[in-house]
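> I'd like to ask some things about the structure below.
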Amino acid sequence: MGSSCDVGVSCELELRQQTRPSQRYAAPITTMIDLDRAFGQTLPVTTPQEFSPSRDSAELHSIGTVLDDMQLRVVEVADRWRELERDDVAGDLYEVERSLRNAQRRIRRAVQGFER
């Protein structure tokens, strides 16, 4: 599939515009992505037979670690805003922290589902 986009964000936006939301997370693509115009190379896309629960588990654990770090950093910023008596900003940031915590729980639950 050729692309008329420039390197970077515009390529992602163009791809999003070409697919409906229900298609974005459908079955994995099993073809090559033509990135000659954007990056001067063609990259393979992962095919279903290349998926493995252990690889996915490791990747999700890594994502969980990043989420944990982000959660701590958001709380530190929120605490600073709360000290300035800006509860509106602090409240929004604490809501982000709760969302990150929820994302961590859901990832752990998904990884536990690999073992069933």
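The values are calculated or read from the model by the stated rules, or taken from the named source; none is laboratory data. From a predicted model like this one, the values you see are computed outputs, not experimental measurements. So basically every Cβ, Gly included, is an ideal-geometry build from the backbone, and we count neighbours across all protein chains shown.
> Does Arg116 qualify as being under 25 Å from Pro53 (Cβ atoms), of a type outside the set (Val, Ile, Thr) and either in a helix (DSSP H, G or I) or within 15 Å of the chain's Cα centre (by Cα) (or both)?
Judged against the criteria, Arg116 is not a match.
> Pick out the one residue from Asp92, Asp69, Asp79 that is of a type in the set (D, E, K, R), farther than 22 Å from Pro53 by Cβ, assigned to a helix (DSSP H, G or I) and within 18 Å of the chain's Cα centre (by Cα).
Of the residues listed, the single one that is of a type in the set (D, E, K, R), farther than 22 Å from Pro53 by Cβ, assigned to a helix (DSSP H, G or I) and within 18 Å of the chain's Cα centre (by Cα) is Asp69.
> Something else about it: Scan the range 66-116 residue by residue and report those that are under 21 Å from Asp56 (Cα atoms) and aromatic (Phe, Trp, Tyr).
Phe114
> Inspect all residues belonging to the range 48-71 and state whether any of them is at pLDDT 55 or above and touching a Ser or Thr at 6+ places or on another chain (Cβ under 6 Å).
No, the range 48-71 contains no residue that is at pLDDT 55 or above and touching a Ser or Thr at 6+ places or on another chain (Cβ under 6 Å).
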